[in-house]
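The structure under discussion appears below in the form of structure tokens.
The values are calculated or read from the model by the stated rules, or taken from the named source; none is laboratory data. What you see is a predicted model; the values in this text were computed from it and never measured. Here the Cβ is made from the backbone with ideal geometry for all residues, glycine too, and neighbour counts use every protein chain on show. Just the protein is used for accessible areas: all its heavy atoms, side chains included, with ligands, DNA and RNA removed. Shrake-Rupley method; radii C 1.70, N 1.55, O 1.52, S 1.80 Å.
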Amino acid sequence: AQKITQTQPGMFVQEKEAVTLDCTYDTSDPSYGLFWYKQPSSGEMIFLIYQGSYDQQNATEGRYSLNFQKARKSANLVISASQLGDSAMYFCAMRESKAAGNKLTFGGGTRVLVKP
Amino acid sequence: EPEVTQTPSHQVTQMGQEVILRCVPISNHLYFYWYRQILGQKVEFLVSFYNNEISEKSEIFDDQFSVERPDGSNFTLKIRSTKLEDSAMYFCASSRRTGMVAEAFFGQGTRLTVV
């Protein structure tokens, strides 16, 4: 079974509007962390936001927020007030406490294209 | 702002040749990783490295792969005899700490093309 599932391969969003990127995960580990990374066309992976499984509040970082629904095992990324520079691939990733070596498991990504 | 630096940005190599991908992690980071991304596919974990030894490796990381921290600043990934299916973007990453909240900072990647 896939550990991280991103069901939206691609999506368009109008500049200045908000967009929600879906991420569901599968783990039996009670302690885990969820990460979102941005990959622009230049290829680098940029860390955006983190949510821990025991965090009581949804994480926020500037225009990024994470809609964490633990019972549903979902950790959707919300980008508010989209900008043209937000056009990129977005990856959801998970780290499980039982996973040795701090490794991250990534989803397949969602490509976002912001339209002017 | 400190960053992870990878060289070269693009490498083309003949099948069967050895290739070394180089990375300079962020200077006060202690945990180092290699990931790869085959074109159009998801990012996959290869190996993690701490205290001069491998702490975890995936099934992809077979005997053809090795990692080294030769001089306290560089972190290298060697592929001994490249295969066509090794063509991918290879990302180096580092983190300052361990644990659940330890975000990994990635380099810009090396695109390896095996011909």
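Out of the residues in region A:71-116 meeting the condition of being in contact with a helix residue (DSSP H, G or I) (Cβ under 9 Å, 6 or more places away or on another chain) and basic (Lys, Arg), tell me which one is farthest from B:ILE38 (Cα to Cα).
Per the criteria, the residue is A:LYS115.
I'd like to check something: does region A:38-45 contain any residue that is over 13 Å from A:SER87 (Cα atoms) and open to solvent by less than 20 Å² (accessible area, probe 1.4 Å)?
Taking every residue of region A:38-45 in turn, at least one turns out to be over 13 Å from A:SER87 (Cα atoms) and open to solvent by less than 20 Å² (accessible area, probe 1.4 Å).
Within 14 Å of the chain's Cα centre (by Cα) and either open to solvent by 40 Å² or more (accessible area, probe 1.4 Å) or not aromatic (Phe, Trp, Tyr) (or both): does that describe B:LEU112?
Against the criterion (within 14 Å of the chain's Cα centre (by Cα) and either open to solvent by 40 Å² or more (accessible area, probe 1.4 Å) or not aromatic (Phe, Trp, Tyr) (or both)), B:LEU112 qualifies.
Select from region A:1-14 the residues that are open to solvent by less than 70 Å² (accessible area, probe 1.4 Å) and either in a loop (DSSP other than H, G, I, E, B) or of a type in the set (A, V, I, L, M) (or both) and list them in ascending order.
Answer for region A:1-14, where residues must be open to solvent by less than 70 Å² (accessible area, probe 1.4 Å) and either in a loop (DSSP other than H, G, I, E, B) or of a type in the set (A, V, I, L, M) (or both): A:ILE4, A:GLN6, A:GLN8, A:MET11, A:VAL13.
Considering A:TYR64, A:TYR90, which residue is in contact (Cβ under 8 Å) with a residue 12 or more places away in the chain, within 22 Å of B:GLU1 (Cβ to Cβ) and crowded, with 20+ Cβ neighbours inside 10 Å?
Result of the check over A:TYR64, A:TYR90: A:TYR90.
Taking the conditions exactly as written (closer than 19 Å to A:LYS16 by Cβ, within 14 Å of chain B (Cβ to nearest Cβ) and of a type in the set (Phe, Trp, Tyr)), does A:TYR50 satisfy them or not?
Here the answer is no, as A:TYR50 does not meet what is asked.
Quick one: how many residues across region B:27-59 are in contact (Cβ under 8 Å) with a residue 12 or more places away in the chain, outside any strand (DSSP E or B) and under 19 Å from A:ILE4 (Cα atoms)?
Looking only at that region, the number is 3.
Checking A:ARG63 against (1) facing another protein chain (nearest Cβ under 9 Å); (2) modelled with pLDDT of 95 or more, only one condition comes out false. Which one?
Among (1) facing another protein chain (nearest Cβ under 9 Å); (2) modelled with pLDDT of 95 or more, the lone unmet condition for A:ARG63 is (1).
Quick check on my filter: what residues within region A:15-37 are in a strand (DSSP E or B) and either of a type in the set (Phe, Trp, Tyr) or open to solvent by 40 Å² or more (accessible area, probe 1.4 Å) (or both)?
Residues satisfying the conditions are A:THR20, A:THR24, A:TYR25, A:TYR32, A:PHE35, A:TRP36, A:TYR37.
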